[in-house]
Amino acid sequence: MSFDYVNEPENLIPVRTKVIVNSNIENVWKNVVTFDKIDEPTDWIFKTGISYPTNATIKGTGIGAIRYCNFTTGSFVEPITTWNEPNLLQFDVKEQPIPMNEFNPFWEIHPPHLDGYFKSYKGQFKLTKIGENKTELEGTTWYKVDITPRNLLENLV
């Protein structure tokens, strides 16, 4: 019926997260741009195949550099659009991995419902010095969720 029009994604949805880091802004910046291998999460939900970050690398510096935020299912490829060290890092999302590897004890599967329904378009990290060894870190991701009855039915046929 009209649900396809009601649920049609129109604008990017921003999601913001803020955290206070007990470190100086320069060290926080370094760990925003890249970070070494992080420990595997212990929460049971990640044992089901849901993707999680493992590390981040970058090729180049400044605008035009390419940041790779690596997950267990692949990499987010993020061309840098703003490099205002140590205050603001903005990037587009050129590629993104699937959100999970579905569990199957017999063979590898790739169901179509994992493709394209959650699409990240851009992101940023904003750093604010609030003390000599205290930094506010705000991360924002802009995305669309493209799940409508029409899309689900198209993948079933």
Could you check how many residues of the stretch 64-101 are at pLDDT 95 or above, assigned to a loop (DSSP other than H, G, I, E, B) and open to solvent by less than 60 Å² (accessible area, probe 1.4 Å)?
4
Of (1) closer than 21 Å to E78 by Cα; (2) among the hydroxyl-bearing types (S, T, Y); (3) at pLDDT 95 or above, Y52 satisfies every one except (3)
Please enumerate the residues belonging to the stretch 102-137 that are modelled with pLDDT under 95 and touching a Gly at 6+ places or on another chain (Cβ under 6 Å).
E102, F103
Scanning for something of a type in the set (S, T, N, Q), within 19 Å of T82 (Cβ to Cβ), open to solvent by 40 Å² or more (accessible area, probe 1.4 Å) and touching a strand residue (DSSP E or B) at 6+ places or on another chain (Cβ under 6 Å), does the stretch 21-31 turn up at least one residue?
no
Flag for G49 being touching a strand residue (DSSP E or B) at 6+ places or on another chain (Cβ under 9 Å), open to solvent by less than 60 Å² (accessible area, probe 1.4 Å) and either within 24 Å of Q90 (Cβ to Cβ) or among the charged types (D, E, K, R) (or both):
no
Within the stretch 12-63, can you find the residues that are part of a loop (DSSP other than H, G, I, E, B) and in contact (Cβ under 8 Å) with a residue 60 or more places away in the chain?
L12, N22, S23, N24
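The values are calculated or read from the model by the stated rules, or taken from the named source; none is laboratory data. Just so it is clear, the model here is predicted, and its values are computed rather than measured. Cβ atoms come from the backbone with ideal geometry, glycine included; neighbour counts cover every protein chain shown. We work out accessible area using only protein heavy atoms, side chains counted, and drop any ligands, DNA or RNA first. Shrake-Rupley method; radii C 1.70, N 1.55, O 1.52, S 1.80 Å.
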